[in-house]
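The values are calculated or read from the model by the stated rules, or taken from the named source; none is laboratory data. Just so you know, these numbers come straight off a predicted model, no measurement behind them. Using ideal geometry, Cβ is built from the backbone for each residue, glycine included, and neighbour counts are taken over all protein chains shown. All accessible areas refer to the heavy atoms of the entire protein, side chains included, with ligands and DNA or RNA removed. Shrake-Rupley method; radii C 1.70, N 1.55, O 1.52, S 1.80 Å.
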Amino acid sequence: PFDVELWERGLPYYYHYSPWFAAVLIPLTAVPAPIVGILWSALLGLASVLAMVPLVRQRGWRAAPLVLLLAFLLLNVVAEGNVQPLLLAGLVWTLERRAGPVMIGIAASLKLVPILLTLVYVARGEWRRALIAGAVTVLLLAPTLLYEISPGGLETGGTGVFTSAPPS
C-alpha cells in the first residue's frame, strides 16, 4: 500500500486505502521492509491460489484455461503488491456464507467495486444482507472523513509508473 521508493524519490504519494487498513499494518513497521515485502508477496500469492481453489474443485481440468488466465492476472497484481488477491479470496470463500456481507463491506472499504455485489442480495430480496454490507462499508470508511483529503487524493493514479515523473 505504501511505495517507499516513490516517497524516497520525493514524488507525491497519497494513501488510497481506508484508515482501518493502515492501522492493521502498523505492527509491520517494526519489521524490516524487505522482510515485509517478502511476507506480503507470499500472502498475496497464497490468496491468489486460494481464490482459484473453488473453481478447480467445481470444474476440474475444464477450469484450466480460466485458472491460467486468472493466475497470470493475479500474479501481476501480486507483483505490484496490491491488496486485490486478498479481497478476491475473501469474497470467493465467504460470499454465500454468513460472513459474506461483512466481507463485501471490508472489500468495498478498500476498493469500491465490490459494493456492486450487494446488488445480488437486492435481486434476491435479501435486504438484511445488503444492508449489513452497506453498513460495514460505511462504518469502515467513516474515519476517512476525519482526515484532510488532499486534491490529488481524490484522483486515481498519480503514483504509478505512467503517471509520475521523476523530479527534475
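I'm trying to understand the selection: among the residues of segment 81-102, which are over 25 Å from ALA71 (Cβ atoms), part of a helix (DSSP H, G or I) and either basic (Lys, Arg) or open to solvent by 60 Å² or more (accessible area, probe 1.4 Å) (or both)? Outline the logic, then answer.
Step one: of segment 81-102, the residues over 25 Å from ALA71 (Cβ atoms) are 98-99, 101-102.
Subsequent filtering for residues that are part of a helix (DSSP H, G or I) retains 101-102.
Once the filter is applied, which keeps residues that are over 25 Å from ALA71 (Cβ atoms), part of a helix (DSSP H, G or I) and either basic (Lys, Arg) or open to solvent by 60 Å² or more (accessible area, probe 1.4 Å) (or both), segment 81-102 yields only VAL102.
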Which of (1) over 22 Å from TYR17 (Cα atoms); (2) modelled with pLDDT of 85 or more; (3) not aliphatic (A, V, I, L, M) is the odd one out, the single condition GLY90 does not satisfy? (1)
If you scan segment 95-130, which residues turn out to be more than 20 Å from ALA23 (Cβ to Cβ) and among the β-branched types (Val, Ile, Thr)? ILE104, VAL113, ILE115, THR118, VAL120, VAL122
